[in-house]
Amino acid sequence: MLRDITIGQFFPGTSAVHRVDPRVKLTLVVCMIVTLFLAAGPVSYALLALYILSIIKISGIAPKMVVRGLKPVVFIVAFTAVLNLFYTPGNELWSLGFLHVTDAGIKVAVLMVVRILLLIIGTSMLTYTTSPIDLTDGLELLLGPLKKIHVPVHELAMMMSIALRFIPTLIEETEKIISAQKARGADFDSGNLIQRARAMVPILVPLFISAFRRADELAVAMECRLYRGDIGRTRMKQLRLGRVDFGAIAISAAVFGAVIVLGRFGW
Amino acid sequence: MNHSEIIKTEGLTYAYPSEDGTPKLALNGIDLSIARGAFVAVLGHNGSGKSTLAGHFNGIRLPSGGKVWIDGMDTADPDKLYEVRKTCAMVFQNPDNQIVSTIVEEDVAFALENLGVPPAEIRRRVDDALKAVDMYEFRRHAPHKLSGGQKQRVAIAGVIAMMPRCVVFDEPTAMLDPAGRREVMRVIRELNRRFGITVVLITHHMDEAVQAGRVVVMHAGRVLMDGTPREIFTQVDTLREARLTVPQTIEVLFDLNNQTGSDLPIDALSVSECADTLEKYLKR
Amino acid sequence: MSYILETRGLTQVYGAGTPFERTALDHVDIQVEKGEILGVIGHTGSGKSTLIQHFNGLLKPTEGEVLLNGRSIWDEKGKCSRKTRFEVGLVFQYPEYQLFEETIAKDIAFGPTNMGLSESEIKTRVAEAMDFVGLDPSMAGQSPFALSGGQKRRVAIAGVIAMRPAVLILDEPTAGLDPAGRDEILAQIRDYHARTGATVLIVSHSMEDIARMADRLLVMNQAHVMLCGTPREVFAHAEEIVAAGLDIPEITKVIRELNRRGIPLDPSIYTVEDAVRAIRAYKEGR
């Protein structure tokens, strides 16, 4: 069912990881990504892996869930591994026709896989532990200074949060329309590509019409609730940095710093 | 303008532009005044002009002719529009399409954030509003997981957090099941009685209109009838002409009178009033 | 006696094995007689919407079976033939939101076209369906999106009627309509039933609407059939109906109040006409 697709999956909780300010989390994730690319050897990767595993542990999110989240990228990871394995020059260990496996190839392949996995797990931990609305708020606040150069940060954030609000509603609506057209004998499962594409018309037209109607009504309702863009707005939720945030920043800075230093020595 | 009135219209007309160029009159000379603290139901069939009228009460629509004043402010004055909307808020039919946020309390805070209210005060008013509609325990929930009645109560909390003097409800129960309708009507009555908010309820449900202090019946863009529920619902023939029905408690007495030639009072708005009349008649 | 539609031990469990597991139907046995109007009543979440989606195979039973004319609609391979969808026509709630074609006629023709009918047959069916729902033939070429809400709904209902289903199921056909619009749609459904002899199922929250036109009522509550019988049989259980969160007609409440005051009128009366008749009979009999 369509409902099984979850965008920006979020597992509510009250752990220290959940409580870290979204702005801090966003900044740390960016720093982590940079650090990942500066890491060079097994020691620095091990340190980063330990860092991310601790985050998973503290967050209380089942490791099974984290693994499940990797499923869609298995192919990319495998592809990268194979590519690096066979195409890195070095001391040949084994060869079959045009395929050569080198010692450097194995090392690079392993590190590449670890790097991609850490990258994906690390960024997913952000969405797993931060509600979409907090993420949007965090982004809006962090990018706030860009308003000065006329980047419509508030508008983008508002659009994003409205999209998040209406995704479940529209998914439900799509399911209803599909059922209704099936009840009129619509066939979505057979025929060639063109026939199948054409079979989508009875779903897409009503869905678009409905989405436009909703957008129209929502716009009026927002105006009635005195929305006029970013003029003189305040926020109910005030983000203030607390002990958890400083703790997270300190630990992360130490880890990232260590990794960068180790990287310079090629460890 | 009289100070005891919160809404006043004078010769209000509204024409929709139509395809063939001849404008279609949706409202045709409405003179109406609604007192502060009143609970007024506006009744009419689909297309009678009742929703178009409601749209004029907070400046969603502007008159083609005539005037609308909200608490003394002309809605056609662009400088006053913001104040008009703050004074007279609006709740719509489809609760899904008026909830902005993915968290209940964030949604209720929306209008206050737009107004630039200080955060601590927003918090307090949001909590008060959610308590007033009995949704406080759901404050951290996602709106799309709530029932229709609950969603509509969240939408109501979102407008009363603005502390408007008047709330216009545009068919707030049309998409709800009976349980949801009862919840929402209870909240609407409370707003009027406990908080003294003026309520204008657009509806085509007779049982909801009966709960108001005053009923205005719209037909073909005009005010057809205007009076207390008792005065309105006893005019069975006129109501039927306006494509409306009457409560069964009145219908049974009306039919009985017609068939037996008796002259029972037909103004029974509740089951017990109807039973009173019938009991007297049968035991006579 | 054979039934046109029947369920045996029909069970539907949503989200089995997750914390959100919910049983929407729990071993439900229902028999629908050929040619009857059956009213299906229940509050939101009672299982009534799930039930009707089983009747034309949109949902697959977790357990139990659905029989159409005595034969299971699911074959041994676990497939439900599309023919079932044409035999059992289902009109969803707010069906106007499923319209998609440029013209009214084309939209109504969607079902018949999917059935693989000939051009001329489709034309006949469209005209016939438009007539049933009271749409003027001259409107055939108009866009359905320019119509009023009530008219759009009629187009959508015509789209299902045009398949000439042996069983027509309507989920809340009057939702959101004003009293006059409601009466019109209900009258058209009654007329359709009288003219075609089709079996009709109407789902509703509103007792007052349904009681007047249904031959039998089926009351669903908490995934079970709570009551099933003629309206009179069902309304004799007024207390249970109210306890299940449903309303009984105002007039039934009045009669029951009079019973309490010692006036012995038939407590299962559910229409104003019957009430007036009973009151007059009582008065004259004294």
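A simple spin-label model places pseudo-atoms 7 Å from Cα toward Cβ; at C:ARG232 and B:ALA220 they are separated by 4.4 nm. Near B:ARG214, the amide H atoms lying under 5 Å from its own belong to B:PHE39, B:ALA41; only residues 5 or more places off or on other chains count, and H is placed 1.01 Å from N. Applied to region A:243-259, the Karplus parametrisation 6.51 cos²θ - 1.76 cosθ + 1.60 on θ = phi - 60° returns per-residue 3J(HN,Hα) values of 4, 4, 5, 5, x, 4, 5, 4, 4, 4, 4, 4, 4, 4, x, 4, 4 Hz, with x for Gly and Pro.
Fully extending the segment from A:THR27 to A:ARG213 would add 63.2 nm, taking 0.36 nm per residue of separation and subtracting the current Cα-Cα distance.
Listed by chain and number, the lysines whose alpha-carbon sits under 21 Å from that of A:LYS147, ignoring those within fewer than 8 places in the same chain, are A:LYS237.
For region B:94-138, the average shadow cast by the Cα convex hull is 3.3 nm², which is a quarter of the hull's surface.
Please give the charge dipole size of the protein assembly as shown, origin at the Cα centre, charges +1 on K and R Cβ atoms and -1 on D and E Cβ atoms. Round to the nearest 20 debye.
About 2300 debye.
For B:ARG140 and A:LEU38, the FRET efficiency from 1/(1 + (r/R0)^6), where r spans their Cβ atoms and R0 equals 41 Å, is about 0.55. Looking at region B:1-68, the GluC sites (Glu not before Pro) that sit in a DSSP loop and have at most 16 other Cβ atoms within 10 Å of their own Cβ are B:GLU19. Here the simple spin-label model places points 7 Å from the Cα toward Cβ, and for A:LEU117 and B:GLU10 these points are separated by 7.9 nm. Placing +1 on each Lys and Arg Cβ and -1 on each Asp and Glu Cβ, with no other charges, gives region C:1-132 a dipole about its Cα centre of roughly 300 debye.
Between C:THR11 and A:VAL261, what FRET efficiency follows from the Cβ-Cβ distance if R0 is 51 Å, with the result rounded to 0.05?
0.20
Between B:HIS3 and B:SER262, the modelled label-to-label distance comes to 5.2 nm, taking each label 7 Å out from Cα in the direction of the beta carbon.
For chain C, a simple Cβ point-charge model (Lys and Arg +1, Asp and Glu -1, everything else neutral) yields a dipole of about 220 debye relative to the Cα centre. Net charge of the neighbourhood of A:VAL101, taken over other residues with C-beta under 13 Å away and scored Lys/Arg +1, Asp/Glu -1, is -1.
Subtracting the Cα-Cα distance of A:VAL220 and A:ILE76 from 0.36 nm times their residue separation leaves 47.3 nm of extension gain. Result for chain C in a Gaussian network model with C-alpha springs under 10 Å: among C:ASN221, C:ASN69, C:ASN56, the largest mean-square fluctuation is at C:ASN69. Exceedance of the 26 Å cut-off in Cα-Cα distance is limited, within the set A:LYS176/C:LYS152; C:LYS34/C:LYS106; B:LYS67/C:LYS152; A:LYS176/B:LYS131; A:LYS148/B:LYS151; B:LYS8/B:LYS50, to C:LYS34/C:LYS106; B:LYS67/C:LYS152; A:LYS176/B:LYS131; A:LYS148/B:LYS151. Pairs exceeding a 27 Å alpha-carbon distance, out of B:LYS145/C:LYS77; C:LYS60/C:LYS83; B:LYS145/C:LYS48: B:LYS145/C:LYS77. Take the Cβ atoms of C:GLU128 and C:GLU102, set R0 to 22 Å, and the FRET efficiency comes out at 0.55.
Selection among B:TYR82, B:ASN28, B:PHE169 by position relative to the dipole of region B:5-246 gives B:PHE169 as farthest towards the positive end (Cβ unit charges, Cα centre).
Laboratory data are not the source of any read-out in this text; all were calculated from the coordinates shown. Model, not experiment: these values are computed from the prediction. Quick reminder, even Gly has a Cβ in these numbers, built from the backbone with ideal geometry, and neighbours come from all protein chains shown.
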